[in-house]
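So the structure is just underneath, and the comments pick up after that.
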Amino acid sequence: MRCPYCQNERSRVVDTSHESRGGVRRRRQCLDCGQRFSTYERPISATPLVVKQDGTREEFDREKLTQGIRISCAKRPVSATDIDRLAGEIESALQAMGRAEVSSRVVGDMVIAGLKSLDQIAYIRFAIVYLGLGDLGAIRQEIDRLLES
Ligand SMILES: [Zn+2]
């Protein structure tokens, strides 16, 4: 940790305090210029927090995601294994981003891309809710786009 005053990398810890949310605050003194500064460490869970449209955050919930995909795939020839695999791939992709937070849109886009190649009816069902396709015209446009591609 560099000293913010002189950029020297060597400092000694003067005081350490643990916070209720798992963070650790350390008071340090630079061994070069003698200035004191604080550092704060906090654990970042491997999977980013999901920031919803309204700005609130929630833990990524793989079970809930699986459930959402399962509902879209109801009575479609999509196996439970495929659904689990898609949810697992999305979770891994989120972890690989190495970010503390990610927009719910990013998660939704991943589901939609996955469903599109898995089952087109399941995709349309999910898209109606997720993309907010509010009328038959919008749904038809989406279906036309699928048929063209
Ligand atoms: Zn310094």
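Kindly indicate which of 7, 67 is outside any strand (DSSP E or B), within 30 Å of residue 123 (Cα to Cα) and open to solvent by 40 Å² or more (accessible area, probe 1.4 Å).
Just one listed residue meets the conditions, 67.
Only one residue in 45, 92, 38 is in a strand (DSSP E or B) and either more than 16 Å from the ligand (Cβ to nearest atom) or modelled with pLDDT of 90 or more (or both). Which one? Show your work before the answer.
On the way: 45 fails: in a strand (DSSP E or B); 92 fails: in a strand (DSSP E or B).
One residue alone meets the criteria, 38.
Out of 99, 25, I need the residue that is farther than 18 Å from residue 130 by Cβ, open to solvent by 90 Å² or more (accessible area, probe 1.4 Å), part of a loop (DSSP other than H, G, I, E, B) and away from the ligand (no atom under 16 Å from the Cβ). Which one?
Working: 25 fails: part of a loop (DSSP other than H, G, I, E, B).
Going through 99, 25 in turn, just one is farther than 18 Å from residue 130 by Cβ, open to solvent by 90 Å² or more (accessible area, probe 1.4 Å), part of a loop (DSSP other than H, G, I, E, B) and away from the ligand (no atom under 16 Å from the Cβ): 99.
Please identify the pairs in which a residue from region 8-26 that is at positive phi has its Cβ atom under 6 Å from the Cβ atom of a residue that is part of a loop (DSSP other than H, G, I, E, B), counting only partners at least 6 apart or on another chain.
Taking only residues 6 or more apart or on different chains, the pairs are 22/43.
Just to be sure I understand the filter: pairs with C-beta atoms under 6 Å, separated by 6 or more residues or on different chains, first member in region 131-149 and in contact (Cβ under 8 Å) with a residue 24 or more places away in the chain, second member in a helix (DSSP H, G or I). Which pairs pass?
Partner pairs satisfying both residue conditions: 146/120.
Just checking, does region 124-134 include any residue being of a type in the set (Ser, Thr, Tyr) and either surrounded by 11 or more Cβ atoms within 10 Å (Cβ to Cβ) or at pLDDT below 85 (or both)?
At the first step, the residues of region 124-134 found to be of a type in the set (Ser, Thr, Tyr) are 130.
Among the residues that remain, those that are also either surrounded by 11 or more Cβ atoms within 10 Å (Cβ to Cβ) or at pLDDT below 85 (or both) are: 130.
Scanning region 124-134, I find at least one residue that is of a type in the set (Ser, Thr, Tyr) and either surrounded by 11 or more Cβ atoms within 10 Å (Cβ to Cβ) or at pLDDT below 85 (or both), so the answer is yes.
The values are calculated or read from the model by the stated rules, or taken from the named source; none is laboratory data. In this text, all values refer to a predicted model and were calculated from it rather than measured experimentally. FYI the Cβ positions are ideal-geometry reconstructions off the backbone, even for glycines, and counts take in every protein chain you see. Quick note on the areas: whole protein, heavy atoms, side chains included, nothing else; ligands and nucleic acids left out. Shrake-Rupley method; radii C 1.70, N 1.55, O 1.52, S 1.80 Å.
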